[in-house]
Amino acid sequence: KKYGVHHSVVAVNKILTDLPAQVPNVAERAFLNEALRCYRIEAYRACIVMTWNLAYSHLLDWTLREPARLSNFNAAISKRYQKITGLQITKYDQFLDELKESQVIEICNTANLFNSNIYKILKEKLDKRNIAAHPSTVVVVQSQADDTITDLVNNVVLALT
């Protein structure tokens, strides 16, 4: 308090505050607004979870939006997971009902829907989300939230357009 707000808090807060104008999807905007509220009250675990929800929702919408992209995704399901046969994703809820988040990321990677850097970021941030979301003695601090927010917003939400 003596020295004011840390510059990283200001930078992350600006990223989150400026983003709603760039997010036309109502569901994504709701995740973003909740992530911002969590960050501002220093609920960093919740902020990480909500930022993941924003990025994952964006990934699903992005995959569905382009027919060729969705076709490549569907073709890659059985290539990546030989035991999953006959599954064709056609709507958002099917992702949630039929596949785990980690499987969706793996299938997108198999389908070459994004580059290896985005794949690595998504895998890493899913692990971080899982750590934050489940009860544990792991301490979650502002710098971890800053890292998660900036990585997912800049490299997933704003990059996959």
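At full extension, residue 37 and residue 117 could sit 25.9 nm farther apart than now, given 0.36 nm per residue minus the alpha carbon distance.
How much length is gained on full extension from residue 91 to residue 141, taking 0.36 nm per residue of separation minus their Cα-Cα distance? Provide the component values of the computation, followed by the final result.
Values: separation 50, 0.36 × 50 = 18.00 nm, distance 3.61 nm.
Stretched out fully, the residue 91 to residue 141 stretch lengthens by 14.4 nm.
Taking the C-alpha atoms only, the angle from helix 7-18 to the longest principal axis of the chain is near 50 degrees.
Stretching residue 22 away from residue 81 to a fully extended chain increases their span by 17.8 nm, per 0.36 nm per residue minus the current alpha-carbon distance.
Remark: C-alpha extents of segment 23-157 on the principal axes read 45, 33, 26 Å, sorted largest to smallest. In the chain, the longest principal axis of the Cα atoms and the axis of helix 142-152 are about 40 degrees apart. Estimated from helices alone, the mean residue ellipticity of the chain at 222 nm is -21500 deg cm²/dmol (sum of -39500 (n - 2.57) over DSSP H runs with n ≥ 4, per residue).
Cα-based count: Lys pairs in the chain below 17 Å, eight or more positions apart or different chains? Walk me through the numbers on the way to the answer.
On the way: 79/100; 83/100; 91/100; 100/120; 100/123; 100/125; 100/128; 120/128.
Close lysine pairs under the 17 Å cut-off: 8.
With a cap of 16 neighbouring Cβ atoms within 10 Å, and only residues DSSP puts in a loop, list the GluC sites (Glu not before Pro) found in segment 7-55. Provide the component values of the computation, followed by the final result.
Working: sites: 28, 34, 42; in loops: 42.
Answer in residue order: 42.
Taking the three principal axes of the alpha carbon atoms in segment 1-84, the coordinate ranges are 58, 27, 18 Å, sorted in descending order.
Counting only alpha carbon atoms, the long axis of helix 26-40 and the longest principal axis of the chain meet at about 30°.
Among 149, 89, 107, the residue with the largest mean-square fluctuation in a Gaussian network model of the chain, with springs joining Cα atoms closer than 10 Å, is 89. Remark on the chain: 108 stand apart, with no other cysteine beta carbon under 4.7 Å.
Here, each number is a calculation from the coordinates, and none is a lab measurement. Model, not experiment: these values are computed from the prediction. Reconstructed Cβ throughout: ideal geometry from the backbone, glycine too, with neighbour counts over all protein chains shown.
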